[in-house]
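Below: the structure, in structure tokens.
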Amino acid sequence: MFGKKHQKIKALLPLYGDKSLSSEERKLIEEHLRVCQECQAEWESLRWAISLTREIPRVPAPRSFVVRAADLEKVRAPVGLYVARAFTALAAALFIILIGLDLLAFKAAPIRALATPLPPTPAIVRTYPEPEQKPLALPVSPPEEEVMTREFGGLEEAPTPIPAPVPEAERRLNLRWLPWEIAAGFGAIAAGLASWILGRRR
Amino acid sequence: MFEEEKALVEKARQGDLAAFNSLISAYQNIAYNVAFRILGNHYDASDAVQEAFIKAFRAIHKFKGGSFKVWLLRIVTNACKDALRASKRKPTVPLSPQGRELESVPFSVNEENPENYAERHELARLVQEAIDTLPFDQKAVIVLADLEGLDYFEISEALGIPLGTVKSRLSRARAKVRDYLLAHEELLPSRYRLKP
């Protein structure tokens, strides 16, 4: 019958008797209560429950709670907790430094041939030989500059052709300290867990 | 009174433990009652109040004026919240609901006749059971509003929540307590029933 207004008043009803309720809200409730029997019954039961709650006796404090100087001395945490916390911080810092160094090296490095496609394998050459082609022969020794380029790029076999410049997108991140990074990461997690467990025991 | 309190606060801020103890002696009963109603038992309430007072002394330099009582109650309710969290982590066997009130309200301090006392004791036990069913947020609001008589603004300050949240939590808490009392009405002495 009253729809949304009824629901709104119903939510406000438990606060009806409070002095802190705004005069608009109180007026709204009063007007609604005059015409809604359901809310009248609801308010009766709420008023009853609130008055019972307010009637329960206060309990006397069983003792004095004054603060003594001895209470203010900090309870010392177990030594293990400090060690575990220090180790967590150390391992986490090491992990971050190593990852950071790898990233810096990646950023600073010139475009390398790390990601160059592998040279064609001899098997492929053997499988599809062109009849009119000349048999494979070792190329003439390239100029010294080209040999340097290939060696820098990590190519091992001399007969392969000089790779074309690699687009930047193909550069790979070389995690030089990967085992240390893994160790530091796991160390930080383990020490963090140990500090958490020791902290909970306090 | 207010001036005296202000002077004590100032001394306590300078590290005067005696001044701080005089300050809290006026509020320790309120603090204990809040903790007892939120936590539901004497042991946890005593620990929470003591812990709260120690924290309050350490943090009194952060008190920026206003109502000291409300500031103290904020620390007490936070200590209760911590105690509830700790009890969830390390559950212990609870005291029987019947034992809690008897333990905390000695007969010697009660001057009414034994029959009335017993009836009020039954009422307190049932209301406490109803409060125990509420989540912490609603417990804190109903205890501060209906048992300690704080207004919405004070509750908002004590719990660090907006005024609208105080109202909605209080509304829900009262409705739930009403539902619990109605469902267990037969356990109430006849004079406390809705329809005696």
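The values are calculated or read from the model by the stated rules, or taken from the named source; none is laboratory data. All of these numbers come straight from a predicted model, not from anything done at the bench. Glycine gets a Cβ as well: all are built from the backbone with ideal geometry, and neighbour counts include every protein chain shown.
Hey, can you tell me all the residues within the stretch B:156-168 that are within 30 Å of B:L188 (Cα to Cα) and either of a type outside the set (V, I, T) or outside any helix (DSSP H, G or I) (or both)?
Answer for the stretch B:156-168, where residues must be within 30 Å of B:L188 (Cα to Cα) and either of a type outside the set (V, I, T) or outside any helix (DSSP H, G or I) (or both): B:K167, B:S168.
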* Structure fact -> Scanning the stretch B:91-139 residue by residue, those surrounded by fewer than 17 Cβ atoms within 10 Å (Cβ to Cβ), at pLDDT 55 or above and assigned to a loop (DSSP other than H, G, I, E, B) turn out to be B:P91, B:T92, B:V93, B:E111, B:E112, B:N113, B:T133, B:P135
* To do: Could you check, for the stretch B:32-42, whether at least one of its residues is over 15 Å from A:R58 (Cβ atoms) and either at the interface with chain A (Cβ under 10 Å from one of its Cβ atoms) or among the acidic types (D, E) (or both)?
  => no
* Asked: If you go through the stretch A:22-34 one residue at a time, do you hit one that is out of contact with any strand residue (DSSP E or B) (no Cβ under 8 Å at 6 or more places or on another chain), outside any helix (DSSP H, G or I), of a type outside the set (F, W, Y) and under 21 Å from B:E148 (Cα atoms)?
  -> yes
* Limited to the stretch A:36-91, what total is found for residues that are outside any helix (DSSP H, G or I) and either under 30 Å from A:K5 (Cα atoms) or facing chain B (nearest Cβ under 10 Å) (or both)? -> 15
* **Failed item, numbered, when B:S25 is tested on (1) buried (at least 17 other Cβ atoms within 10 Å of the Cβ); (2) of a type outside the set (K, R); (3) closer than 23 Å to A:V59 by Cβ** => (1)
* Yes/no for A:E44 being surrounded by fewer than 16 Cβ atoms within 10 Å (Cβ to Cβ) and over 24 Å from B:Y192 (Cβ atoms) -> no
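Residues are listed down the side, and each one gets a yes or a no for (1) in contact (Cβ under 8 Å) with a residue 40 or more places away in the chain; (2) within 27 Å of A:E55 (Cβ to Cβ):
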position: B:F20; (1), (2): yes, no
position: B:L23; (1), (2): yes, no
position: B:N33; (1), (2): yes, yes
position: B:D47; (1), (2): no, no
position: B:I60; (1), (2): yes, no
position: B:L73; (1), (2): yes, yes
position: B:T77; (1), (2): yes, yes
position: B:A86; (1), (2): no, no
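Residue by residue through the stretch B:140-155, note down the ones that are assigned to a helix (DSSP H, G or I) and either more than 10 Å from chain A (Cβ to nearest Cβ) or touching a residue at least 12 places away in the same chain (Cβ under 8 Å) (or both).
Result: B:A140, B:V141, B:I142, B:V143, B:L144, B:A145, B:D146, B:L147, B:Y152, B:E154, B:I155.
How many residues does the stretch B:167-178 hold that are under 15 Å from A:D18 (Cα atoms) and at the interface with chain A (Cβ under 9 Å from one of its Cβ atoms)?
Applying the first criterion (under 15 Å from A:D18 (Cα atoms)) to the stretch B:167-178 yields B:167-175.
In the following step, the residues that additionally are at the interface with chain A (Cβ under 9 Å from one of its Cβ atoms) were identified as B:167-168, B:170-175.
The qualifying residues number 8.
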* Asked: Of all residues in the stretch A:9-28, which are surrounded by 15 or more Cβ atoms within 10 Å (Cβ to Cβ) and either charged (D, E, K, R) or over 17 Å from B:R169 (Cβ atoms) (or both)?
  -> A:I9, A:K10, A:D18, A:E25, A:R26, A:L28
